[in-house]
1. Could you say which residue among R41, R66, R36, R16 is at pLDDT 80 or above and in a loop (DSSP other than H, G, I, E, B)?
2. Have a look at R155, R144, R169 and point out the one that is on the phi < 0 side of the Ramachandran plot, under 16 Å from the mean Cα position of the chain (by Cα), surrounded by 18 or more Cβ atoms within 10 Å (Cβ to Cβ) and among the basic types (K, R).
3. Search region 178-194 for residues that are in contact (Cβ under 8 Å) with a residue 40 or more places away in the chain and more than 9 Å from I128 (Cα to Cα) and pair each with any residue that is outside any loop (DSSP other than H, G, I, E, B) and among the polar types (S, T, N, Q) when their beta-carbon atoms are under 7 Å apart and the residues are at least 6 apart or on different chains.
4. Please state which one of R30, R6 is under 22 Å from L218 (Cα atoms), part of a strand (DSSP E or B) and modelled with pLDDT of 75 or more.
Amino acid sequence: MLSSDRVLLRPLKVNRVFKGKLDDKEIGARCAQFVRYPTERPEYLKAKAHVILFLRRAIEERGEGRGWLGVDPWFAVQPATKPLERALARLADAPPLKRDEREDHEEIGEDSLLFYKSRASLVVSGDITEISKPLYADDSTCTRALRIKVGRIMRGGVQGDEIAASVVRLEDESSEPPFLKKGGRVILFLRERKGDPRYETVDPWFGIQQGNSDMEELLDEVFGE
C-alpha cells in the first residue's frame, strides 16, 4: 500500500465551524494527502489560502498539529468556495451515518473511496484538451463541458483515448479552481447520462479532483477488480 505525505497546517485561523465546537480561533491540524511534493502540490495549499477541512480528533495529541487529523487522504482538504460553505451549513444538522452502515477502512480512509466506487461507473485521469466557459446556476453550482486525453483508467473502460464529460461543481465566480484549464490534469469520478456528453461527474462535491500520480496509483489498488 502506498504511503501518503503529511501536510501540517499550523496555525490555522478558523473563520467558520460547520460541525462540532472549538474553544480557540486557531488550531493545528495534520492532513495526509496522496500527493508528490513539490511537483504535484495543490495550488491552494499555501500560506493564507482559504480551505475547508474535514477533521477528526487525534488520539495522539502531542507535537505539532496536535489535536486534529484529516478524516482521509482523499477529500479532507478542499479549496474553499462560498457555495460549498453554504451547502455544508445546510447539512450541519443532518444525522451522521451509523457505524454499521458503512465499511470500516480507517487506515487510509478507504470508506470514502468505496462510497464513490458504488456511484461511479468510470474513474479516469487525464489532461484537459478542451473546456467550455463556466455556466453558473441559481443553486450555486457551476457546469462546464470538458474533454480530456485519458492517461489512466482506474475503473470502467472507454473507447479511444479521449472522452467528454459534463462537470458540475459547487462554485461561484470568485472561486474558479486554477487547475480547470486547458492542459490541467484532473481525476474524474463519472457516471453515464442521457444526451451529450455521455458522462457527468457523480456529484458537485468531489466528482472532479486535481490530478496527481500517487492518488491515481492508489485508486488502481482500491478500485481494482
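The values are calculated or read from the model by the stated rules, or taken from the named source; none is laboratory data. As the structure is a prediction and not an experimental result, all values here were calculated from the model. Here the Cβ is made from the backbone with ideal geometry for all residues, glycine too, and neighbour counts use every protein chain on show.
1. Just a single option satisfies the conditions, and that option is R16.
2. Answer to the check: R169.
3. Partner pairs satisfying both residue conditions: F179/Q210; I187/S125; I187/Q209; L188/T201; F189/T201; L190/T201.
4. Answer to the selection: R30.
Residue-by-condition table, conditions (1) more than 17 Å from W205 (Cα to Cα); (2) touching a Gly at 6+ places or on another chain (Cβ under 7 Å); (3) among the β-branched types (V, I, T):
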position: G126; (1), (2), (3): yes, yes, no
position: K133; (1), (2), (3): yes, no, no
position: A137; (1), (2), (3): no, no, no
position: T141; (1), (2), (3): no, no, yes
position: R144; (1), (2), (3): no, no, no
position: K149; (1), (2), (3): yes, yes, no
position: G157; (1), (2), (3): yes, no, no
position: D161; (1), (2), (3): yes, no, no
position: A164; (1), (2), (3): yes, no, no
